[in-house]
Amino acid sequence: MLGTRPTVPGEDRRHGITVTAQAQPDRWWFGIGRPTRPIESGASPPEGGRAQTTQGYVWAFTADEAQRSVWWGTVTNVTGGGFATAAGDFTGTSLGVPLQAWDDPDNVTCEFAASYNSVHGIPPAQGVAGDTVPAQVWQYDIASETSFNRTPTAQQCPDFDRLAGLRAAGSLGDVVFIGGIETDVTAGSQAGGVVVLLAYRAADGAFLGWRKYPGWNNIKNFVVAGGRLYVGVGLAEPGAAGTGSGPNPPTGSVQRWCGDAADPFRFEEVGLLGNQPSYFTVHEDRIVTGTWVGTGSTEHAGVYVSPPLRELAPATRAGWSLVFTAAQLFPDPVTARSMVSFAVTSFGGWVYGTFGVLTMEPSFTNHLTAYPQIPRDTIPDLALAYLKSSPGGVVYRLKDLGEPNQQVELLYGERKYWTFEPDRGEWALRDNLLHQDPKFGGGGFGSRWNDYVGWGAAVFRGKLYMGTFNTEKVLRDITLNPATGLLTRLLGRSVSDVELAILRRLVFRDKSTAGQVWVFDDADSPAWPLTTTGFNNACNWGIRGILPVGDEHLFFGTNQGWQYPTEPRDDPPRRAGWQLLRLTPPAHDGSPGGPVPAWLDPLGVLNRVATAVRLPALTARR
């Protein structure tokens with residue numbers, strides 16, 4: 001039998017996907033509560049040390065206006081940080097809080113408040129967010145295929161080591177912005193903190209300076225519209241009711257850049273919204289943004305539309321229109337309240353929108369807090385409560401936004417959603433509030449475990465690409481993993497290894513399933529999967545960054561919360577740490593998607609030869 005070379009995690013040669021950069025192992029770990037040591041090139045491994053890769057996400061992602069370089073910022077040790085920020089959501093559920101340190105050398109180590117950095121007050125670690133370490137800024141020069149570490153020094157930005165991560169990036173002219181948030185363990189699952197902006201000169205990567213914005217407590221994305229640069233931020237304190245767009249107290253702001261390379265940190269507010277802007281698109285001469293529930297918000301996540309671009313100004317900041325919310329789709333009010341909006345994208349005359357449950361658990365914990373009668377004493381109780389309260393990600397689309405004839409179509413979701421009815425004390429399936437069958441399929445692109453859909457999205461060569469966060473490995477290798485003791489702490493009783501092993505084998509049998517990218521060829525066709533395996537890297541639980549650079553390249557920035565393995569492994573292929581991947585469309589048909597023609601597929605050619613001479617078919621290792 002003829003074989004192929006081992007699969008490179010992150011590479012998919014069939015679809016023209018290659019690895020252009022990836023996180024490297026960066027520290028030696030010696031045990032819970034002990035100090036770590038940086039990995040130095042060429043140095044021998046220290047006795048008792050285990051290599052870790054801490055840089056997990058491409059979180060901020062942009063290209064300079066000249067399209068010479070791709071820029072990104074990272075966030076670190078996301079599993080520990082995620083549990084730390086979500087811990088407060090368990091208050092009131094009667095469940096244990098899952099913050100006891102664990103060490104799993106096959107996946108991830110979480111120390112929480114027991115980490116050396118937390119105990120000794122070394123930022124950005126703080127209290128239970130003890131696993132957080134400083135993020136990084138990177139630039140990739142496309143022509144030379146070279147990566148540059150642009151992380152500012154302590155002299156350039158004294159507060160940089162206080163940042164929990166770098167979450168947003170944007171560029172216009174010769175300026176590139178990277179936006180980060182300081183560590184804040186009180187932020188809950190929708191983690192935020194004081195916003196810090198870093199500015200760079202695009203031409204040579206020089207650091208231009210930094211600025212802290214205490215009035216902003218989160219930052220998600222930038223967008224260029226009509227030749228101007230805009231950014232969405234959360235407000236640290238809600239505004240007065242009636243001062244923003246709509247009747248609710250404003251908790252989010254759209255800021256327009258009015259600076260330059262000499263003075264880059266000048267912005268003016270041109271949008272004041274009931275919630276924090278999350279993702280942007282430009283549609284029919286207006287900015288469209290999805291929202292997350294902001295600090296102190298009383299409004300559901302949804303979609304806002306701006307006035308026409310020529311009218312955007314501080315004087316019209318209250319003139320944005322809320323055109324659709326999760327409360328108009330989900331029949332269960334707690335589920336609707338727990339949703340956030342991911343990508344909104346103009347495509348085929350529509351705006352494609354998305355809803356999902358952030359960090360997996362808020363709808364689950366919100367239901368348990370709101371309804372004490374929901375059973376929660378056994379593993380089956382928890383499983384049913386989770387599955388019924390937390391549906392897979394939703395894709396819908398809007399046309400004629402804000403007009404009397406506005407259209408809404410459900411593309412991927414459910415005709416009926418589980419709804420808890422407290423008067424009866426039980427769950428019931430109830431029609432979605434659009435009273436529509438999904439046009440193309442079930443939630444999560446047909447997979448319950450795609451909690452986020454449209455985590456990242458972009459149009460490239462006339463096709464719409466959407467990334468997902470797939471939770472299968474998280475549930476299998478954290479929730480049901482004996483090494484973490486998670487279910488034991490939630491239930492307050494010992495859960496046997498045998499019980500967990502049976503559940504792992506029954507529910508999550510395919511270890512290769514990971515973050516996914518789905519592609520809409522046009523507005524009339526269902527999406528098809530470009531990858532369901534994290535581009536052959538089972539550690540890539542999500543694809544948040546999707547970035548076209550001209551018409552030549554499409555870049556993907558991957559996301560994961562694993563520290564191990566630090567070197568490639570097989571069965572399934574995997575490697576810890578963020579990856580920057582590049583899709584180069586095949587020249588033969590100009591299309592980045594779909595199957596490779598048989599005459600360009602070497603394995604297909606060999607199989608036809610094998611068939612002709614009656615040899616066994618050849619298979620490539622996946």
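Any chance you could tell me what percent of the C-alpha pair distances in the range 387-460 go past 17 Å?
54 percent
Panel values: the range 287-350, Kirkwood radius from alpha carbon pairs, Stokes-Einstein at 4 °C and 1.567 mPa s, translational diffusion coefficient 100 µm²/s. Across the alpha-carbon set of the range 453-577, the Rg to Rh ratio works out to 1.07, Rh being the Kirkwood radius. Taking each pair of different alpha-carbon atoms in the chain once, compute 1/r for the pair, average those values, and report the inverse of that mean as the Kirkwood hydrodynamic radius in Å to one decimal. Hydrodynamic radius (Kirkwood, Cα pairs) of the chain is 24.9 Å. In terms of its C-alpha gyration tensor, the range 79-235 comes out prolate, because a/c is 1.5 or above and the ratio a/b outweighs b/c. Mean sequence separation of contacting Cα pairs (under 8 Å, at least six apart), scaled by the length of the range 491-592, corresponds to a relative contact order of 20 percent. How large is the Kirkwood hydrodynamic radius of the range 75-158, counting all unique pairs of alpha carbons, in Å? Hydrodynamic radius (Kirkwood, Cα only) of the range 75-158 equals 14.9 Å. Of the trypsin sites (Lys or Arg not before Pro) found in the range 209-292, none is in coil by DSSP with at most 10 other Cβ atoms within 10 Å of its Cβ. Do the sum for the chain: with -39,500 (n - 2.57) for every DSSP H run of n ≥ 4, divided by all residues, what is the mean residue ellipticity at 222 nm, to the nearest 500 deg cm²/dmol? My calculation for the chain gives -3000 deg cm²/dmol from helical runs alone. Element breakdown for the range 223-290 at a 1.4 angstrom probe: carbon and sulfur atoms account for 50% of the accessible area. Length gained on full extension, residue 370 to residue 47: 111.2 nm, using 0.36 nm per residue less the C-alpha separation. Translational diffusion of the range 363-422, estimated by Stokes-Einstein from the Kirkwood radius over alpha carbon pairs at 4 °C in a medium of 1.567 mPa s, is 94 µm² per second.
Which of the trypsin sites (Lys or Arg not before Pro) found in the range 473-515 are loop residues per DSSP with 16 or fewer other Cβ atoms within 10 Å of their Cβ?
Numbers: sites: 473, 476, 489, 493, 504, 505, 509, 511; in loops: 493, 509, 511.
Passing sites in the range 473-515 are 493, 509, 511.
Can you quote the Å³ per residue value for the convex hull of the Cα atoms in the range 255-296, rounded to an integer? Don't skip to the answer; put the middle values down first.
Working: hull volume 4.2 nm³, N = 42.
Value for the range 255-296: 99 Å³ per residue.
As a fraction of the 1.4 Å probe accessible area of the range 315-432, surface on carbon and sulfur atoms comes out at 53 percent.
As a length-normalised measure over Cα pairs under 8 Å and 6 or more apart, the relative contact order of the range 234-381 settles at 19 percent. Model label sites at residue 433 and residue 207, defined 7 Å from Cα along the beta-carbon direction, differ in position by 4.8 nm. Estimated from the Cβ-Cβ distance and a Förster radius of 51 angstrom, the FRET efficiency linking residue 66 and residue 97 is about 0.55. How much net charge surrounds residue 142 when only the other residues with a Cβ under 11 Å from the Cβ of residue 142 are counted, with Lys and Arg +1 and Asp and Glu -1? Neighbourhood net charge equals -2. Mean silhouette area of the range 391-520, derived from the convex hull of its C-alpha atoms and averaged over all directions, reads 11.7 nm². Our note on the geometry: Cα centres of the range 479-523 and the range 231-283, 38 Å apart.
Extension gain, residue 243 to residue 448, is 69.8 nm, computed as 0.36 nm per intervening residue step minus the present C-alpha separation.
How high is the relative contact order of the chain, in percent, counting Cα pairs under 8 Å that sit 6 or more residues apart?
The normalised contact order for the chain reaches 14 percent.
Per residue, the accessible area of the chain comes to 38 Å², computed with a 1.4 Å probe over protein heavy atoms only.
How many percent of all Cα-Cα pairs in the range 281-391 sit more than 25 Å apart? Roughly 34 percent, once rounded to a whole number.
Please report, to two decimal places, log10 I(q)/I(0) for the range 221-328 at q = 0.12, 0.15, 0.22, 0.23 Å⁻¹ as given by the Debye formula with identical point scatterers on the Cα atoms and no solvent. Per q value, in the given order, log10 I(q)/I(0) is -0.35, -0.55, -1.15, -1.25. Each principal axis of the range 128-188 carries a Cα extent, and these read 43, 22, 20 Å when sorted largest first. Between residue 522 and residue 285, the distance separating the two model label sites (each 7 Å from Cα on the Cα→Cβ line) works out to 2.8 nm.
Between residue 505 and residue 266, residue separation times 0.36 nm minus the direct Cα-Cα distance comes to 80.6 nm.
The values are calculated or read from the model by the stated rules, or taken from the named source; none is laboratory data. Please read these numbers as outputs of a predicted model, since none were measured by experiment. No Cβ is skipped: glycine too gets one built from the backbone with ideal geometry, and neighbour counts run over all protein chains shown. With ligands, DNA and RNA removed, areas are computed over all heavy atoms of the protein, side chains included. Shrake-Rupley method; radii C 1.70, N 1.55, O 1.52, S 1.80 Å.
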